[in-house]
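Chemist: Please read through the structure below; I'll follow up with questions.
The values are calculated or read from the model by the stated rules, or taken from the named source; none is laboratory data. Quantities reported herein were computed from a predicted structural model and do not represent experimental measurements. Note: ideal-geometry Cβ built from the backbone for every residue, glycine included; neighbour counts use all protein chains shown.
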Amino acid sequence: MMESINQSHVAAISHPAWGHINPLLSLCETMAQKNPNNLKITVIVTEEWLGLLRRSSSDESPTPPNMRFATIPNVLPAEKGRRADMLGFWKTVMTKMAQPVEQLFDQLEPPVRLILADTLLFWAVEI
C-alpha cells in the first residue's frame with residue numbers, strides 16, 4: 001500500500017489482558033476498514049502477546065492492510081502463571097511498559113498523530 005502524505009497514524013496500546021486487547025483490536029479493525037486510504041494503525045503489544053494473538057487468530061478474518069502490529073520486549077511477567085502475583089504484574093505494567101513504548105513511538109513512521117490507549121495505562125498520557 002502506498003502511503004499518502006495526508007495519512008494519519010494511530011498507535012494503539014492496551015493493558016495486556018484478553019479482556020482489554022480484544023475490544024481494542026475490534027475498534028482498530030473497524031477504524032482501519034472504514035479509512036483504508038488515509039489511516040494507518042499500529043497496535044503495540046509485547047513479543048509474547050503477538051505470539052498469543054497470532055495463535056488465536058483465524059485466517060478467515062485477516063488484519064486490514066493498513067493495520068499492523070509492533071512489539072516491545074517482554075518486560076512483563078509471562079501470561080502463563082502471572083495470576084500467582086497479580087499485584088507484582090500490575091506494578092510491572094505501571095513501571096516497566098512506558099519506556100519501551102515511548103522508544104518504539106520514536107521509530108514509527110509516519111509519526112504518530114494519535115495515541116489510543118487503555119484507561120488503565122495512566123502513563124500513556126505522558127508520552
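Chemist: Looking at segment 111-127, which of its residues are more than 14 Å from the chain's Cα centre (by Cα) and surrounded by 13 or more Cβ atoms within 10 Å (Cβ to Cβ)?
Modeler: If we filter segment 111-127 for residues that are more than 14 Å from the chain's Cα centre (by Cα), which is where we start, we get 111, 113, 122-123, 125-127.
Trp123, Ile127 - these are the residues of segment 111-127 that are more than 14 Å from the chain's Cα centre (by Cα) and surrounded by 13 or more Cβ atoms within 10 Å (Cβ to Cβ).
Chemist: Something else now. Say whether the condition of being under 13 Å from Ala12 (Cβ atoms), assigned to a helix (DSSP H, G or I) and in contact with a helix residue (DSSP H, G or I) (Cβ under 8 Å, 6 or more places away or on another chain) is met by at least one residue in segment 58-70.
Modeler: no
Chemist: Related question: Please verify whether His20 is assigned to a loop (DSSP other than H, G, I, E, B), under 13 Å from the mean Cα position of the chain (by Cα) and in contact (Cβ under 8 Å) with a residue 60 or more places away in the chain, treating the condition exactly as stated. Let's see the steps before the verdict.
Modeler: Values: assigned to a loop (DSSP other than H, G, I, E, B): no; under 13 Å from the mean Cα position of the chain (by Cα): yes; in contact (Cβ under 8 Å) with a residue 60 or more places away in the chain: yes.
Answer is no for this residue.
Chemist: Determine whether segment 1-13 contains at least one residue that is in a helix (DSSP H, G or I), crowded, with 16+ Cβ neighbours inside 10 Å and in contact with a Ser or Thr (Cβ under 7 Å, 6 or more places away or on another chain).
Modeler: no
Chemist: Return a yes/no flag: does segment 30-48 have any residue that is loosely packed, with under 11 Cβ neighbours inside 10 Å, small (Gly, Ala, Ser) and either out of contact with any helix residue (DSSP H, G or I) (no Cβ under 6 Å at 6 or more places or on another chain) or modelled with pLDDT under 95 (or both). Give the steps one after another, and end with the answer.
Modeler: As a first pass, look at segment 30-48 and keep what is loosely packed, with under 11 Cβ neighbours inside 10 Å: 34.
Still in the running and small (Gly, Ala, Ser): none.
Among the residues of segment 30-48, not one is loosely packed, with under 11 Cβ neighbours inside 10 Å, small (Gly, Ala, Ser) and either out of contact with any helix residue (DSSP H, G or I) (no Cβ under 6 Å at 6 or more places or on another chain) or modelled with pLDDT under 95 (or both), which makes the answer no.
Chemist: Still on this structure: Report, by residue number, each residue of segment 82-100 that is assigned to a helix (DSSP H, G or I), in contact with a helix residue (DSSP H, G or I) (Cβ under 8 Å, 6 or more places away or on another chain) and buried (at least 17 other Cβ atoms within 10 Å of the Cβ).
Modeler: Passing the criteria: Phe89, Ala98.
Chemist: Shifting gears a bit: Residues being on the phi < 0 side of the Ramachandran plot, surrounded by fewer than 16 Cβ atoms within 10 Å (Cβ to Cβ) and free of Cβ contacts under 8 Å to residues at least 24 places away in the same chain: count how many of those fall in segment 62-81.
Modeler: Residues that pass the stated criteria total 2.
Chemist: Specify which of the listed residues (Leu76, Leu116) is outside any helix (DSSP H, G or I) and closer than 18 Å to Pro23 by Cβ.
Modeler: Working: Leu76 fails: closer than 18 Å to Pro23 by Cβ.
On inspection, the qualifying residue turns out to be Leu116.
Chemist: Another question about this same structure. Just to be sure, is Arg55 of a type outside the set (Val, Ile, Thr), loosely packed, with under 13 Cβ neighbours inside 10 Å and free of Cβ contacts under 8 Å to residues at least 24 places away in the same chain?
Modeler: Answer is yes for this residue.
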